[in-house]
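Everything below concerns the one structure shown next.
The values are calculated or read from the model by the stated rules, or taken from the named source; none is laboratory data. Remember, predicted model here, so these are calculated numbers, not experimental data. Methodologically, a virtual Cβ is constructed for each residue, glycine included, from the backbone with ideal geometry; neighbour enumeration extends over all protein chains shown. Side chains included, ligands, DNA and RNA excluded: accessible areas come from the protein's heavy atoms. Shrake-Rupley method; radii C 1.70, N 1.55, O 1.52, S 1.80 Å.
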Amino acid sequence: DHGKGATVLPYDAERKTALVVRQLRLPVHAAGADGVFLEAAAGVIDPEDESAAAAAIREAREELGYTVHDLEHVTTFFPIPGMVTEQMACFLARYSPADRMDCDTGADEDEMIDVEEWPLAELWAAYRSGKLQDGKAIVCLQALRLTQPELFE
């Protein structure tokens, strides 16, 4: 039982970009892949979180260092239904350069996270080529492409 989680893919419609993180994931490394993994910001929904949406907003602040807004729930799914009970709530959110926080974000001290801003067209190409392998990021990215394909041109 891993609990419930929330993930968010923030995007800037004007600049056609998205924010993702790159961090060391030992299970990915142990499976023989590059353990420095590109993924959507995510985390466990804490008891203090009012909702999955509140957890997604908190994770964006902690992992990305951004305040996000206009959250849109994409779906909630079971990432590995044969092994764990975890449910993942997926969100899209808006951000802009002005939303960057210049203070302590509250990130965990043991997390080594690099924040990356990607053009949406390049992030889609990374997914199509197999370089983006994070399921939660893929779900969010596909949802964004389905609803706003013009952002990927």
*Let me know the shape class of the chain, please: from the alpha-carbon gyration tensor, a ≥ b ≥ c as square roots of the eigenvalues, rounded when a/c is under 1.5, otherwise prolate if a/b is greater than b/c, or oblate.*
rounded
*Expressed as a rounded percentage, what relative contact order does the chain have, with Cα pairs under 8 Å and six or more residues apart?*
31 percent
*Which one of 118, 45, 101 is farthest out on the positive end of the charge dipole of the chain, using unit charges on Cβ (Lys, Arg +1; Asp, Glu -1) and the Cα centre as origin?*
118
*asked:* Can you compute the charge dipole magnitude of the chain about its Cα centre, using +1 on each Lys and Arg Cβ and -1 on each Asp and Glu Cβ, nothing else charged? Give it in debye, rounded to the nearest 20.
replied: 720 debye
*Charge dipole (the chain, unit charges on Cβ, about Cα centre) - positive-most of 85, 151, 64*: 151
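Once neighbouring chains are kept in place and the probe is 1.4 Å, which whole percent of the accessible area of the chain is contributed by carbon and sulfur?
Values: 4330 of 8380 Å².
On the chain, the fraction of accessible area on carbon and sulfur atoms equals 52 percent.
Considering only protein heavy atoms, what per residue accessible area in square angstrom results for the chain with a 1.4 angstrom probe? The partial results should precede the final answer.
On the way: 8380 Å² over 153 residues.
Ligands and nucleic acids excluded, the result is 55 Å² per residue.
So what's the back-of-envelope 222 nm ellipticity for the chain, counting only DSSP H runs of four-plus at -39500 (n - 2.57) apiece and dividing by all residues, rounded to 500? Mind dumping the intermediate values first?
Values: 4 runs with 36 residues, N = 153.
That calculation yields -6500 deg cm²/dmol at 222 nm.
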*Would you mind giving the average projected area, over all directions, of the Cα convex hull of region 1-69 in nm² with one decimal?*
5.8 nm²
